[in-house]
1. Would you check if B:ILE153 is more than 7 Å from every other protein chain (Cβ to nearest Cβ), part of a helix (DSSP H, G or I) and over 29 Å from A:ALA120 (Cα atoms)?
2. Criterion first (in contact (Cβ under 8 Å) with a residue 24 or more places away in the chain and either in the same structural domain as A:ALA120 (by TED's automatic domain parsing) or of a type outside the set (D, E, K, R) (or both)) does A:LEU21 satisfy it?
3. Would you call A:ARG43 farther than 21 Å from A:VAL118 by Cβ, in contact with a His (Cβ under 6 Å, 6 or more places away or on another chain) and within 13 Å of DNA strand C (Cβ to nearest atom)?
4. Any idea which of A:ARG83, A:ARG54, A:ARG11 is within 11 Å of DNA strand C (Cβ to nearest atom) and at pLDDT 85 or above?
5. What about A:ALA14, is it under 24 Å from B:ALA108 (Cβ atoms) and touching a residue at least 12 places away in the same chain (Cβ under 8 Å)?
6. Name the pairs whose Cβ atoms lie under 7 Å apart, with the first residue in segment B:138-161 and free of Cβ contacts under 8 Å to residues at least 60 places away in the same chain, the second among the β-branched types (Val, Ile, Thr) and surrounded by 16 or more Cβ atoms within 10 Å (Cβ to Cβ), and 6 or more positions between them or separate chains?
7. Please find, within segment B:126-150, the residue that is nearest to A:ILE157 (Cα to Cα) out of those that are facing chain A (nearest Cβ under 10 Å) and within 21 Å of the chain's Cα centre (by Cα).
8. Just for helices (runs of 4 or more DSSP H) wholly inside segment A:1-115: which have at least 3 residues that are within 12 Å of DNA strand D (Cβ to nearest atom), more than 14 Å from chain B (Cβ to nearest Cβ) and not small (Gly, Ala, Ser)?
There are 2 protein chains.
Amino acid sequence: MKEDPRLIATRQTALDAAQKLLMDQGVLHVTHGAVSNVTGISRSTLYRHWPDARSLRDAAFRRIATPPNIPPKTDGPLRSDLRWLLGILMGALNDTPWGRIAPQVVAAASTDAEARLVIAEFMKDRFASVEAVFSAAIDRGEITADVPVEQLIELAIAVPYFRKLIRHTALDADWLDQHVNLICNIAKNELES
Amino acid sequence: MKEDPRLIATRQTALDAAQKLLMDQGVLHVTHGAVSNVTGISRSTLYRHWPDARSLRDAAFRRIATPPNIPPKTDGPLRSDLRWLLGILMGALNDTPWGRIAPQVVAAASTDAEARLVIAEFMKDRFASVEAVFSAAIDRGEITADVPVEQLIELAIAVPYFRKLIRHTALDADWLDQHVNLICNIAKNELES
DNA sequence: TCCCCTGCGCAACAATGTGTTCTATAGGAG
DNA sequence: CTCCTATAGAACACATTGTTGCGCAGGGGA
């Protein structure tokens, strides 16, 4: 019993349009009427698929907001691993649809519990990736287990997000090199926490 | 030629209500209709004062968003000065009207250039305060001029804002102590940048 | 005190967004 | 070929966002 191809086609077309609206004009413009105008799909059909504005917007978000899965590289020296990982994170923030809507997710999170959940899940993944890099460095004996790993992880991640989402300053390769250098230097100086 | 007291009274009453709506229910609920319902002021009068929803919301924001001016303390040891300064910053984020609407300002900044300006101004002040603390420490010879002050300033500020506005995790005194300790330890180990 | 000006409340109106419901039609599956 | 179901389209109700015109009342100047 296969699904009616009309259902699939409608969902596909509608979500494509919704995603484009979300990226180009912001979450407020993702509306049944707007999607209907763009696609030619009738409003009643759209309401049948997504019963209210909220679910349509959620669907559009989910289409994009699947965060890129980052396979951690943990073989090289710490500086190299960290540079590689944060480079991917920075690239995602700069160049992917996810990066373009991230500010809106953060925005929604101030009033919406589900958006906070999305962020929490996302950050959990990010923290785990960075943690894997540090653990590997400790296992190799490159840094000692005394370094305050928890805090370093948060430093590593907080600064690029702060720059991008709050200060709206550029993230470029030069800045990233400095940032990674600082983190590595801290880690290798074995600071007491 | 004094201003008609009716104008003043209306503005006062309306903005009080708008501010409360902004803090309690979010920017989307700051609307001429809602303010009219709460205050009894007619919608047409509100539209006469603030021609569209945007200007009403801006007015409500401006009412609260005057960031607290922080006179830097630069006399004590670095750890003490930094702890004091970041403590005020953290307190403002946790307990003041400004802290309650900050997420919404950040949210607005993703699509609104003026909100970005507000944030840029605000951050400029914050960075200057922290910079003053580090400069004083250098002048006292407590730390050397070799430390990457620019990066440390950003670390000091980015993490609390990241935690509050993006991760929505708690900022408490214990965490702040750890954070300040880490920054100070980095500064005193004279890392090459 | 009286008069005029101006801000206010009220009602009507248009436009848009948000849903719901009904009917007719067209396209897919057996 | 026939039945089932998704879709298009229209009509409707309702809220929000603005606009406009009118009558009224309150404040300031003579």
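The values are calculated or read from the model by the stated rules, or taken from the named source; none is laboratory data. Everything numeric in this text was worked out from a predicted model, so none of it was measured. Counting neighbours? That spans all protein chains shown, and the Cβs are built from the backbone with ideal geometry, glycine included.
1. Working: more than 7 Å from every other protein chain (Cβ to nearest Cβ): yes; part of a helix (DSSP H, G or I): yes; over 29 Å from A:ALA120 (Cα atoms): no.
No; evaluated as a whole, the condition is false for this residue.
2. Working: in contact (Cβ under 8 Å) with a residue 24 or more places away in the chain: yes; either in the same structural domain as A:ALA120 (by TED's automatic domain parsing) or of a type outside the set (D, E, K, R) (or both): yes.
Taking the combined requirement at face value, the residue satisfies it.
3. Details: farther than 21 Å from A:VAL118 by Cβ: yes; in contact with a His (Cβ under 6 Å, 6 or more places away or on another chain): yes; within 13 Å of DNA strand C (Cβ to nearest atom): yes.
Answer is yes for this residue.
4. Numbers: A:ARG83 fails: within 11 Å of DNA strand C (Cβ to nearest atom); A:ARG11 fails: within 11 Å of DNA strand C (Cβ to nearest atom).
Residue meeting the stated conditions: A:ARG54.
5. Working: under 24 Å from B:ALA108 (Cβ atoms): no; touching a residue at least 12 places away in the same chain (Cβ under 8 Å): yes.
Here the answer is no, as A:ALA14 does not meet what is asked.
6. B:ALA145/B:ILE138; B:LEU152/B:ILE183; B:LEU152/B:ILE186; B:ILE153/B:VAL130; B:GLU154/A:VAL159; B:LEU155/A:VAL159; B:LEU155/B:ILE183; B:ALA158/A:VAL159
7. Quick first cut of segment B:126-150, residues facing chain A (nearest Cβ under 10 Å) only: B:127, B:148, B:150.
Add one more test, that the residue is within 21 Å of the chain's Cα centre (by Cα), and what stays is B:127, B:150.
Values: B:PHE127: 19, B:GLU150: 17 Å.
Filtering segment B:126-150 for residues that are facing chain A (nearest Cβ under 10 Å) and within 21 Å of the chain's Cα centre (by Cα), the one nearest to A:ILE157 (Cα to Cα) comes out as B:GLU150.
8. A:5-25, A:32-39, A:43-49
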